[in-house]
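Computed from the coordinates by the stated procedures, all read-outs in this text should not be read as laboratory data. Just so you know, these numbers come straight off a predicted model, no measurement behind them. Here the Cβ is made from the backbone with ideal geometry for all residues, glycine too, and neighbour counts use every protein chain on show.
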Amino acid sequence: DAGVTQSPTHLIKTRGQQVTLRCSPKSGHDTVSWYQQALGQGPQFIFQYYEEEERQRGNFPDRFSGHQFPNYSSELNVNALLLGDSALYLCASSLGQAGSTQYFGPGTRLTVL
Amino acid sequence: AQSVAQPEDQVNVAEGNPLTVKCTYSVSGNPYLFWYVQYPNRGLQFLLKYITGDNLVKGSYGFEAEFNKSQTSFHLKKPSALVSDSALYFCAVRDVSGAGSYQLTFGKGTKLSVIP
């Protein structure tokens, strides 16, 4: 049973650039949520996608955007990167929006120089 | 708004001793509560959850947690700690009757060190 996968594992960008992170949900799951985990902090909710639409959003600026594809995979896009965007980006999947358990992928480590 | 507090940044326990990692929460409605574990340079691994029913919840690797509504707590416990339990532990809450009902809100994490 394939778990949540994310790519790439690591990424280095410079300020002002744009980045795209990718996530494939656990087999059978249809909902994807994205979280940002800064060093030494707990994950913070960015947004959730269900039925190819953004359903809920956390306290993140519009520079953070996403997409969900018909096969339930998802992308997180960040424009105009800032140094403060350096973090581990985690994708979580669940069955349905109200699915009680979110299962996390290994994350993408983004470093902004 | 929902929030989680993990009052201890670090917990040290000797191998074979019982361990407790503390968590308190605040929600306006009904909570779903979760514990996750994170090993270095890894994602979060689900341990256990409380949805409803029995206040004592059993999870993976011998961990359990007790939901206490009056104290708004959800402490993680294990009767006998192993060195391999050393990791970062996160408590999380969902307010299933609130506006942010689909998002998890996490505490800052507690680093557990089990000493051989």
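Structural remarks
- Exposure proxy order (Cβ contacts within 10 Å, fewest to most) of A:L11, B:L56: B:L56, A:L11
- Footprinting exposure proxy for A:S24, A:S86, B:S70 (fewest neighbouring C-beta atoms within 10 Å first): B:S70, A:S86, A:S24
- Bridgeable lysines around B:K78 (alpha carbons under 20 Å apart, same-chain partners fewer than 8 residues away excluded): B:K22, B:K49, B:K58, B:K111.
- For q = 0.12, 0.14, 0.22 Å⁻¹, Debye-computed log10 I/I(0) when each Cα of chain A counts as one equal scatterer: -0.36, -0.50, -1.22
- Span from the the range B:8-38 Cα centroid across to the the range A:52-103 one, whole angstrom: 26
- Gain on full extension, evaluated as 0.36 nm per residue between B:E64 and B:Q45 minus their Cα-Cα distance, stands at 5.4 nm.
- Taking one quarter of the surface of the C-alpha convex hull of the range B:1-91 gives a mean projected area of 6.2 nm².
- Computed Rg/Rh of the range A:16-71, alpha carbon atoms with Kirkwood Rh: 0.97
- When both bridge partners sit in the protein assembly as shown, DSSP labels roughly 90% of those beta bridges antiparallel.
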